Amino acid sequence: MSGRFPARLTGMTVVALAALAASACGSSSSSTPSSSSTSGGGSKAVTGKNLQLIVGTKNDNFYVTMECGAQAEAKRLGENLTVNGPADFTIAEQKPLIDAAVSTKPDALLIAPTDTSALDPDLQQVQSNGTKIVFVDTSSSNTSLGISRITSDNAAGGKLAADKLGAAIGGKGDVAVITVKKGTSTTDARVQGFQQEMAAKYPAVKILPAHYDDTDSPTVAASDIEGDIAAHSNLTAVFAANVVTAEGVATAVKSAGKTGKIQVAAFDAEPAEITALQQGTIQMLIAQNPASEGKVGVDQAMNALEGKPTTANIPSPTTEITKANMSNPDVKPFIYVSSCS
């Protein structure tokens, strides 16, 4: 998620994208996704299956980009896809949308749950009705739910950020960490990966206690980091686990006159983050490929509905974006869009 929010290693990007393009998966334990069969010149006959995608929040370019990928693939395969999502990344707002799926009984539900367990009873009802569930981006910790989970290697992304930041600050100084509420599978893994890697590779770095922005607000994130800047004169770097916290960090660093002096690494690649990268308030972004997650989610759903093998866990590619490589054509697919046009 971009909350959501979302390992991706630059050198592995081409390989990962090639794997995601593969059309066959030998077994359900394979890490290579499969896609629905095609006929004739590559277009699939319309079967009229009804698919639904419930994103983490509609107000997030990460999920807009995911919707674009899913819609394009559903159209290519001749299936029907409807997309919905809450205004905010909250359990309370997403639950009614899942409960509606209990009544409408879609053939398949692609979903990015806003919590790892709180929505499980609702999702169990959906699954009990015969609907195939595919998790995209975030997921449930209950492995009995869903036929496939498609997400970035978030822990590895956190490790990559630690490696880059640790080297940039010469392996010393204080480092702040800011993320969203606990219980979001993606961001929890990013923070854990970052903290473990930094502690292991750069023992002289002091990792400050992580901030948890339960309100998912850039203003709150900015306030948290402003507090760290004021309290820790040796603050040399910040890791932001998603786009919202990244925006807050960029604001705090700029307001404190610390642009370029405090190194910042963040997840996601939304327009505001790209601007911060250009301005130098952020030095590195770990970007995901939500369009690919949406596409592969549709493929997995159709495989399940057509009685074909599905893949339990599918890694989605990521890449490192810096000011130096942001104009590279290979990087463009990892920059999120605000519309599908």
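Identify, please: which residue in the stretch 134-167 is within 12 Å of the chain's Cα centre (by Cα) and of a type in the set (Ser, Thr, Tyr) and is, among those, farthest from residue 53 (Cα to Cα)?
Ranking the candidates gives 152 first.
Conditions tested, residue by residue: (1) aromatic (Phe, Trp, Tyr); (2) in contact with a helix residue (DSSP H, G or I) (Cβ under 7 Å, 6 or more places away or on another chain).
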residue	(1), (2)
119	no, yes
127	no, no
143	no, no
151	no, yes
189	no, yes
202	yes, yes
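Looking at the stretch 297-305, can you tell me whether even one residue there is open to solvent by less than 10 Å² (accessible area, probe 1.4 Å) and small (Gly, Ala, Ser)?
yes
Determine, yes or no, whether residue 245 is at pLDDT below 95, of a type outside the set (Lys, Arg) and either exposed (fewer than 15 other Cβ atoms within 10 Å of the Cβ) or not in a loop (DSSP other than H, G, I, E, B) (or both).
Here the answer is no, as residue 245 does not meet what is asked.
For the stretch 117-124, indicate whether the set of residues that are open to solvent by 40 Å² or more (accessible area, probe 1.4 Å), in a loop (DSSP other than H, G, I, E, B) and farther than 30 Å from residue 198 by Cα is non-empty.
yes
Among the residues of the stretch 81-96, is any assigned to a helix (DSSP H, G or I), at pLDDT 50 or above, open to solvent by less than 30 Å² (accessible area, probe 1.4 Å) and over 17 Å from residue 298 (Cβ atoms)?
yes
For the stretch 98-112: of the residues being out of contact with any Leu (no Cβ under 9 Å at 6 or more places or on another chain) and β-branched (Val, Ile, Thr), which is surrounded by the most Cβ atoms within 10 Å (Cβ to Cβ)?
Across the stretch 98-112, the extreme among qualifying residues is 102.
With under 17 Å from residue 293 (Cβ atoms), open to solvent by less than 30 Å² (accessible area, probe 1.4 Å) and in a loop (DSSP other than H, G, I, E, B) as the only criterion, which of 171, 157, 146 stands out?
Of 171, 157, 146, the one residue that is under 17 Å from residue 293 (Cβ atoms), open to solvent by less than 30 Å² (accessible area, probe 1.4 Å) and in a loop (DSSP other than H, G, I, E, B) is 146.
Using beta carbons and a limit of 7 Å, which pairs, at least six apart or on different chains, have the first residue in the stretch 176-196 and over 19 Å from residue 119 (Cα atoms) and the second one among the basic types (Lys, Arg) and surrounded by 20 or more Cβ atoms within 10 Å (Cβ to Cβ)?
193/159; 194/159
Within the stretch 271-327, count every residue that is more than 24 Å from residue 194 (Cα to Cα), of a type in the set (D, E, K, R) and over 17 Å from the mean Cα position of the chain (by Cα).
The number of residues fulfilling the criteria is 3.
The values are calculated or read from the model by the stated rules, or taken from the named source; none is laboratory data. Treat the numbers as computed from the prediction; the structure is a model and nothing was measured. Heads up, the Cβs are rebuilt from the backbone with ideal geometry, glycines too, and the neighbour counts pull from every protein chain shown. Note: accessible area is taken over every heavy atom of the protein model, side chains too, but ligands, DNA and RNA are not part of it. Shrake-Rupley method; radii C 1.70, N 1.55, O 1.52, S 1.80 Å.
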